[in-house]
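Here's the structure, in structure tokens; my notes come after.
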Amino acid sequence: MSAVVSPVSESEGIQARQQSVTVALAEGDGIGPEITAATCRILEAAGAPVRFETIAVGEACYRQGVTSGIPGEAWDAIRRHRVLLKGPITTPQGSGYKSLNVTLRKALGLFANVRPCRSLHPVVASRHPDMDVLIVRENEEDTYAGIEHRQTAEVTQCLKLISRPGSERIIRYAFELARLQGRKKVTCMTKDNIMKVTDGLFHRVFNEIAAAYPDIEAQHLIIDIGTALMADRPEEFDVVVTPNLVGDILSDVAAQITGSVGLGGSANIGEGCAMFEAVHGSAPDIAGADVANPSGLLLAACDMLRYVGQAETAQRVENAWRVTLEQGAHTADIHRPGHSREKLGTRAFARRVCQNLGHRPETLEASGAVALPRAEASWRPIRNKPEKRLVGVDVFVDFDEAGRAPAALGERLRALACDDTLDLRLITNRGVKVWPDGLPETCCTDHWRCRFRAPEGGFIAHAAVVALLGRLERAGIDFIKTEHLYTFDGEPGFALAQGE
Ligand code: NAI
């Protein structure tokens, strides 16, 4: 993509006094080059004082053997300019390749993913005319750490990481965003009825931070009913904050019900860096056909302009885009016979937005969006460390003998926990207690969690765990991993098993 510099016309010349900024630009894969070209064309016509340095990332780099999809020169450019506008990237199937999107978000510390989901009723058909939701998704943690294992023939696992500093930052960001944009309510959605330690922490931190924003209503919903309500009554939501995985799903649902996933833009914000992209992926099914809707990337680019201090240009572009939609000039994804007037391809849509620069919408509200808040390092306070005590260990074993009878495994392990420091308390299989007193109906795999605890109220040294593992090894038990059981200031740092 050639660099776009701002040749500002006299009549429109509100930007002429502004300093030009340079931004890294990745065109993306699939429909990426088409929607990126459309977006840049509109920004250029609007006289945005932005210069782009195009970087090569994604599919072509993966094919050349760069398993992250981001070569060194691209990293240098991103780190130099600290702002990236990115088209969607195709993540190759198969292990060995890492998602470039996840890598960028995590390596650059872009912890907040903000996805505005607004209905454009009556201009774009939507069942939800009053929807105007900001989804704030945590971007760095959760199952997206990509730490996965297979340690037995039958079972695979994925590690879910939720931290206190990570939760504090994203939840504070959601409340700051709500305050800055004059929003009334922040809803937190988690699955903490099941994941009591990880999502439980996120929910607890939400309650703590909400107390510092008494002017904003705080609500918590379990994600299943929360998603159902979002699909049915999205007008009841204002700002929504979630951990990573459920936020990924929820924000696609929310973007789609505004009218099309092609309308959603997203901002990824960190303390010193930001990346702007569309919500949707690279849509290989329509790549090269000149039918993709460039709106998601265009709206992301408007947020980028606000981020670099060019709010007036952003407003002009958004207004021209709204006027275009009001004229019934729609791309195929939002085109409805009898409702839309023209079906435009990607390039023609971009041309029409350019023609509409300087006009204000009549039906839709003119753009008045304000900038996103900047993330503050002070949102990660240093805390006193709690007192941490080792009170037991979960030993996971691969056991496929004796007809997989839990009693056989239980008796063997109990005999090995014989030095008065650790007792075998229970065995679970996929989280269900199978020893002692399991039910014969429970279906067991080859993956067993065996919980050893110090005698009541006691704690142990690591040496007790090492000694136990030594005895297990000598007895031919295939232990595949351990998880230590700690208390923190006396509070258990682990989920109690059923019946414990
Ligand atoms: P997708 O979002 O690319 O496509 C889903 C459906 O929406 C398709 O029918 C597509 O044609 C349609 N669609 C998407 N964007 C559109 C637009 N702008 N205009 C009109 N229609 C549009 O999701 P999919 O198919 O699951 O993923 C394709 C690839 O994109 C995968 O390799 C995936 O990993 C990648 N992806 C990349 C993302 C990113 O770069 N941030 C985000 C999500 C997926």
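Beta carbons closer than 8 Å, at least 6 apart along the sequence or on distinct chains, pair a first residue in the stretch 53-75 that is part of a helix (DSSP H, G or I) with a second that is aromatic (F, W, Y) for Y62/Y97.
Considering only residues that are part of a helix (DSSP H, G or I) and within 22 Å of M131 (Cα to Cα), look in the stretch 279-296 and name the one that is farthest from the ligand (Cβ to nearest atom).
Result: S295.
State all residues of the stretch 399-415 that are buried (at least 18 other Cβ atoms within 10 Å of the Cβ) and in contact (Cβ under 8 Å) with a residue 60 or more places away in the chain; if no residue qualifies, say none. Correct list: F399, R412, L413. Check the stretch 230-240 and report whether any residue there is modelled with pLDDT of 95 or more and under 17 Å from the mean Cα position of the chain (by Cα). The answer is yes; a qualifying residue exists. Go through the residues of the stretch 83-95 one by one and say whether even a single one is part of a helix (DSSP H, G or I), touching a residue at least 60 places away in the same chain (Cβ under 8 Å) and more than 14 Å from the ligand (Cβ to nearest atom). Looking through the stretch 83-95, none of the residues is part of a helix (DSSP H, G or I), touching a residue at least 60 places away in the same chain (Cβ under 8 Å) and more than 14 Å from the ligand (Cβ to nearest atom).
Hey, does the stretch 196-208 have a residue that's buried (at least 18 other Cβ atoms within 10 Å of the Cβ), out of contact with any His (no Cβ under 7 Å at 6 or more places or on another chain), outside any strand (DSSP E or B) and modelled with pLDDT under 95? No, the stretch 196-208 contains no residue that is buried (at least 18 other Cβ atoms within 10 Å of the Cβ), out of contact with any His (no Cβ under 7 Å at 6 or more places or on another chain), outside any strand (DSSP E or B) and modelled with pLDDT under 95.
Just to be sure before I move on: is N113 crowded, with 23+ Cβ neighbours inside 10 Å and within 30 Å of V370 (Cα to Cα) in the structure I sent? Outline the logic, then answer.
On the way: crowded, with 23+ Cβ neighbours inside 10 Å: yes; within 30 Å of V370 (Cα to Cα): yes.
For N113, the condition - crowded, with 23+ Cβ neighbours inside 10 Å and within 30 Å of V370 (Cα to Cα) - is met.
Given the condition among the β-branched types (V, I, T), buried (at least 16 other Cβ atoms within 10 Å of the Cβ), at pLDDT 95 or above and not in a helix (DSSP H, G or I), answer yes or no: does some residue in the stretch 156-170 qualify? Within the stretch 156-170, one or more residues are among the β-branched types (V, I, T), buried (at least 16 other Cβ atoms within 10 Å of the Cβ), at pLDDT 95 or above and not in a helix (DSSP H, G or I). Provide a single number: the residues in the stretch 470-490 that are more than 38 Å from the chain's Cα centre (by Cα) and either touching a residue at least 60 places away in the same chain (Cβ under 8 Å) or part of a strand (DSSP E or B) (or both). Number of matching residues: 3.
Filtering the stretch 250-278 to residues that are near the ligand (Cβ under 7 Å from one of its atoms) and under 24 Å from A46 (Cβ atoms) leaves S260, G262, E277, A278. Scanning the stretch 36-55 for residues that are more than 20 Å from H280 (Cα to Cα) and small (G, A, S) gives A45, A46, G47, A48.
The values are calculated or read from the model by the stated rules, or taken from the named source; none is laboratory data. Note that the coordinates shown come from a computational prediction; the quantities given were computed from them, not determined experimentally. Note that each Cβ is placed from the backbone with ideal geometry, even for glycine, and that neighbours are counted across all protein chains shown.
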